[in-house]
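Working notes for the structure below.
The values are calculated or read from the model by the stated rules, or taken from the named source; none is laboratory data. Keep in mind it's a predicted model, so treat the numbers as computed, not measured. Here the Cβ is made from the backbone with ideal geometry for all residues, glycine too, and neighbour counts use every protein chain on show.
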Amino acid sequence: MNFVAKTLLICSLVAMVCMVAPAKSFAQEKMTMKDYKIELQEWIEKENGHKAEIAKVDADIESLKSQIAGVEGEIGGVWSEIYSTIGVTEEEVNAFRGELDGLDSELSALAALSPEELFKRRKEIDAIEAKIAELKENKIYALTEMRDKVAGLEGKVAQLRAKMPKGMYDEYTVNRGDYLWRIARKSYDDPMQWVRIYSYNRDQIKDPDMIYPEQIFKIHRENGPNEYLVGKGDNLSKISGSMDAMGDPTKWRQVYEANKDVVGDEPGLIYPYQVLKIPTN
């Protein structure tokens, strides 16, 4: 059979199907009044059955709501007894919970900081820790919920302290009669390190011979980011060439310009214990 013949045969079969299908469909659509009433009755019975099921479910829901209300009432009664035993009110408990939630938000905000920024704001952590200790003295802390919340806060404080550098600097409040030599001897057991205090507090000390009571100086302990503690035999070229600094000895002038207020007009003269800033570029 050639292609044309095959095509004609297929077209004929399709035409026959198209003619038979409507006839069959029409035959299926024909229904007597008796069949109609029987089918209608079946649908009415199904609908009534579904309505009965819905009514039963609604009744069950109302029953459950009543049971839940009863349980909630019992729980409320138990909590009232607990609050009465402790000697607090529900409002006081809610306020206590709110304080803990507020501390949790503060700790979460601090956790987003870098270790160095966290170190600078360590007093905030100290204050939060002190507040937690104060709240633990409250009788509301006896509630299991509050103990769990406080334990979570203490865990976050511990994580922040672990993230923080061990000690970039301490703080020293200047007393009447103090001078940098004396403060260095107290802080480092070495008066020659007065220049370390001077260079690290350049924002406060314009003249190393002029310091004032109540000034708060940072006592350098470890290098923070972009800091360098000058050692014996160091020079600006050696410092800028250090991998801890810029890794390029030819960039010594950038180091000099960033520390001109400490080094002075002669870049060849730097001294041990000076704390220099290292440019980021």
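Scanning region 192-205 for residues being part of a loop (DSSP other than H, G, I, E, B) and surrounded by 11 or more Cβ atoms within 10 Å (Cβ to Cβ) gives a total of 4.
In summary, Asp265 fulfils each of the numbered conditions (1) free of Cβ contacts under 8 Å to residues at least 24 places away in the same chain; (2) in a helix (DSSP H, G or I); (3) under 20 Å from Val195 (Cα atoms); (4) of a type in the set (D, E, K, R) with the single exception of condition (2).
Residue by residue through region 266-278, note down the ones that are of a type outside the set (Val, Ile, Thr) and closer than 13 Å to Gly224 by Cα. Passing the criteria: Leu276, Lys277. Within the set Arg253, Arg196, Arg221, Arg176, the sole residue that is within 20 Å of Phe119 (Cα to Cα), of a type in the set (D, E, K, R) and either assigned by TED's automatic domain parsing to the domain that holds Ser114 or over 35 Å from the mean Cα position of the chain (by Cα) (or both) turns out to be Arg196. Here the helices (runs of 4 or more DSSP H) wholly within region 90-154 that include at least 2 residues being of a type in the set (Lys, Arg) and surrounded by 12 or more Cβ atoms within 10 Å (Cβ to Cβ) are 122-136.
Applying the criterion of being in contact with a Leu (Cβ under 7 Å, 6 or more places away or on another chain) and assigned to a helix (DSSP H, G or I) to the residues of region 158-191, the residue that is modelled with the lowest pLDDT is Lys163.
Does any residue of region 44-64 turn out to be among the polar types (S, T, N, Q), surrounded by 11 or more Cβ atoms within 10 Å (Cβ to Cβ) and modelled with pLDDT of 85 or more? So far as region 44-64 goes, no, none of its residues is among the polar types (S, T, N, Q), surrounded by 11 or more Cβ atoms within 10 Å (Cβ to Cβ) and modelled with pLDDT of 85 or more. Exactly one residue among Pro225, Pro213, Pro208 is touching a Lys or Arg at 6+ places or on another chain (Cβ under 6 Å) and either in a loop (DSSP other than H, G, I, E, B) or under 20 Å from Tyr179 (Cα atoms) (or both), and that residue is Pro213.
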